[in-house]
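Worksheet for the structure shown next.
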Amino acid sequence: MGKSETAWPATPPGPAPEGAATAARALTERLRASVDNRWMLLLAGPVLAGALVITLLRELPENPLAVAADGLCATTSHLGWVATQAGEPAALARSGAVVGARLATLRVAAANAGVELPEITLLESRLAALGPRPTGAEMFAIADAADRVGAAVRRELVQRQHRLERWVTGLALALAVALLLPLHGLWRQRQRLRRALADYSDTLERKADAPAVDDSVSERRWRALAELSADWYWETDEQMRLSWVSGATPVTTVLGWPADELIGRRRDEMGPFETPALGWDWLHERMARQQAFRDFELRAHSRRGDHTLWIALSGRPRHDAAGRCTGYEGVGRDITERKLAYERQRENDQRWALMVDLASDWYWESDAEHRLQPVGRAVYRSAVDYLEPGDGRTRWELHATTPAELWQPHREDLEARRPFRSFEFPTDAADGTRHWVSISGIARFDGQGRFLGYRGVGRDITMRKQAEGLLRRDNEALQQAVAERTRELEQINVDLDAFSRQLAHELRTPIGHVESIARLVVDRAAARLDDDERRLLALQSQAARTMRETLDALMLLARSTVQAMPMERVDLSRLAEEASAQLPSIARSAPVNWRIQPGLQVHGCPQALRIVLANLMGNAAKFTRHVEQPAVRLSAGTDDDGRLRVVVEDNGAGFDPALAGRLFVPFSRLHAGEDYAGTGVGLSIVQRIVERHGGTVAGHGRPGRGARFEFTLAPAP
């Protein structure tokens, strides 16, 4: 939408200029009149001012603030006398009420005098804290606080008196100078007026000879200024109807209202404008009284109703040459961005106040002396009423029951003006209950970098502390129960170990007797025995040896669970070489090709790991006895969790993968005993030792394709 030039008058506002001769005569008359008036003012002004000052000083009424302060002091003296005489609580309460009434009078007088005294607020808070039966000590404290209030009022009155004296002294000096210099000033003024008249006459003569200024150029410049400015100019007639407006108004350029629907109407009759917050009557009343107004805010909507703007108008009465009011003139400004920013800020403030009001924390402030200051009720939580009332005391004065040694590091932080977080301390509430408080704060400074104090948040953490105490007690009880159960299990293991040793000893003897008798019979009666009898005696000896080996395996299995396992750095490669060299010789098709990865270092028990390697490598050697080119490889790699995965694999008989779950079950055998002898507990011992090292063990294999056993250990530090 472009600007409409035809809708607005072509001539800018203002009366037509007068002639040069008329202006010269008017200027001369005004200069002469000003000379006479200046003379009268120079002589009469200082005299009248001095007389007025003297009259005001003589008629100055007594200061109500001083009267109220004297009344409070008199009441305080009576209160101190009543407290000294150990009066009845009822008398003390009445005296306290009188002090309260005097204090209220003083509060009103101080507010009327524009004086703000924190001592008055402190005294009011102490009076409010009095019970129905105050004690003498409490009334002494009230009297002391009232004396401080009186002293503060007297200091303020003395300061005002000194300021008044300085002002009177300065005014007297000014009047003296004004009286001493009138003649000299008048003479110089007359000289300047004569020179001004001569210069003005010369100017008029030069203007008479100069060519006239093109009025169209002046009008063009004024119109460009009005239309290109961010503000726009407007005028009304005597009935306050819009009579002229510059083309830069957004009502037409942005909102799309044509000019003919605006010219000739009052603003409350125009379509774009909504009823303002102050109402149209406020604007009409000021314009009827011919009073200026500034930043009158209006909301205007577009012609289609899909867009709105905020506009601020400022105006003043316009008068003609005769001094008659011919309407109003003024400027307008688009304040939409500022208004929207203000609304967003107000919404943010409301959300913040609501958040603070609903939060479990509270906001606090302190001054440069670290005394807690009162804050607005929007952030003044109920917890503050009994924890931190902000009555001008420091935190260590307020929480006197907190041990002094807890405050020392906190006060060091405050003196160094360092921020602090989650400083916790215990305190006693007004009802005598014990509470825990956590506070965090940061120093605040003004624009010049001066330290103003601290601000921060506080939280009542009593419930958390109670939960921590309960959890700590439960943990202690649990640790005690675990320790007792551990001692019981250790004793049971000791008893089982002793029992197993005793049982093994008791079983080895008859087993040895059976085997010895069978061998003795064979040695002594070999000639008389037939083949069946010798075969039976051989089976008896084999059964005794198998029984003894099984008993030894059971003992190893039991010890793998209970024996101590001191951990240290272990060279696993060296242990594997030693284990392979110490394996018992067995009948086989070809010797084993041992391939052991060098440099494997782990953290574990060397004696236990030797047993693990002996069992795994012994099984590999046993199940490759019928292979033409037996090979056993020991290698290792690092898992994602940083643990070392050790692999022992061979190319022997292997096993059915479906039976892998029975590998680590004691006495479970996957191959026939006549082919591959063994007790069936070796892998069970391996599993228990590896698990005691914090690792895992697994076996993989296929019939005739070999087997692979993997176990994990912690790497050497």
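Data for the structure
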read-out	value
Pick from segment 151-189, criterion modelled with pLDDT under 75 and in contact with a helix residue (DSSP H, G or I) (Cβ under 7 Å, 6 or more places away or on another chain), ranking: surrounded by the most Cβ atoms within 10 Å (Cβ to Cβ)	Ala178
Residue match in segment 450-461 (condition: loosely packed, with under 12 Cβ neighbours inside 10 Å and either more than 19 Å from Ser366 (Cα to Cα) or not basic (Lys, Arg) (or both))	no
Test: residue in segment 639-661 that is at pLDDT below 75, within 17 Å of Arg705 (Cα to Cα) and within 60 Å of the chain's Cα centre (by Cα)	yes
Index of the failed condition, Ile263 passing every other in (1) farther than 25 Å from Arg324 by Cβ; (2) of a type in the set (A, V, I, L, M); (3) part of a loop (DSSP other than H, G, I, E, B)	(1)
Any hit, segment 504-513, residues being of a type outside the set (A, V, I, L, M, F, W, C), at pLDDT 75 or above, assigned to a helix (DSSP H, G or I) and surrounded by 11 or more Cβ atoms within 10 Å (Cβ to Cβ)	yes
Segments classed as strands (runs of 3 or more DSSP E), wholly inside segment 585-654, with at least 2 members that are polar (S, T, N, Q) and touching a residue at least 24 places away in the same chain (Cβ under 8 Å)	631-638
Where Arg569 falls short, out of the listed (1) touching a His at 6+ places or on another chain (Cβ under 8 Å); (2) modelled with pLDDT under 90	(2)
Selection within segment 393-408 - buried (at least 16 other Cβ atoms within 10 Å of the Cβ) and assigned to a loop (DSSP other than H, G, I, E, B)	Arg393, His399, Thr402
Of the criteria (1) at pLDDT 70 or above; (2) surrounded by 14 or more Cβ atoms within 10 Å (Cβ to Cβ), which one Arg559 fails	(1)
Filter result for the condition that a residue is in the same structural domain as Ala400 (by TED's automatic domain parsing) and either surrounded by 12 or more Cβ atoms within 10 Å (Cβ to Cβ) or modelled with pLDDT under 85 (or both), over Glu365, Glu297	Glu365
Hey, Ala341 part of a loop (DSSP other than H, G, I, E, B), out of contact with any Leu (no Cβ under 9 Å at 6 or more places or on another chain) and surrounded by fewer than 16 Cβ atoms within 10 Å (Cβ to Cβ) or not	no
Residue match in segment 394-412 (condition: among the hydroxyl-bearing types (Ser, Thr, Tyr), over 17 Å from Ala368 (Cβ atoms) and touching a residue at least 40 places away in the same chain (Cβ under 8 Å))	no
Among the residues listed as Arg267, Arg289, the single one being closer than 16 Å to Arg316 by Cα and either outside the structural domain of Gly330 (by TED's automatic domain parsing) or free of Cβ contacts under 8 Å to residues at least 12 places away in the same chain (or both)	Arg289
Residue count, segment 594-628 (criterion: among the polar types (S, T, N, Q) and modelled with pLDDT under 90)	4
Filter result for Pro134 (at pLDDT below 75 and either buried (at least 16 other Cβ atoms within 10 Å of the Cβ) or of a type outside the set (D, E, K, R) (or both))	yes
Test result for Leu387, of a type in the set (A, V, I, L, M) and at pLDDT 85 or above	no
Selection status of Arg303, surrounded by 13 or more Cβ atoms within 10 Å (Cβ to Cβ), assigned by TED's automatic domain parsing to the domain that holds Asp268 and assigned to a loop (DSSP other than H, G, I, E, B)	yes
Test for Gly327: is it modelled with pLDDT of 90 or more and out of contact with any helix residue (DSSP H, G or I) (no Cβ under 8 Å at 6 or more places or on another chain)	yes
Near pairs, Cβ below 7 angstrom, 6+ apart or cross-chain, from segment 687-700 (more than 18 Å from Pro657 (Cβ to Cβ)) to any residue that is assigned to a loop (DSSP other than H, G, I, E, B) and hydroxyl-bearing (Ser, Thr, Tyr)	Val690/Thr696
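The values are calculated or read from the model by the stated rules, or taken from the named source; none is laboratory data. It should be emphasised that the depicted structure is a prediction, and the values quoted were computed from it without experimental measurement. Neighbour counts run over all protein chains shown; Cβ positions are idealised from the backbone, glycine included.
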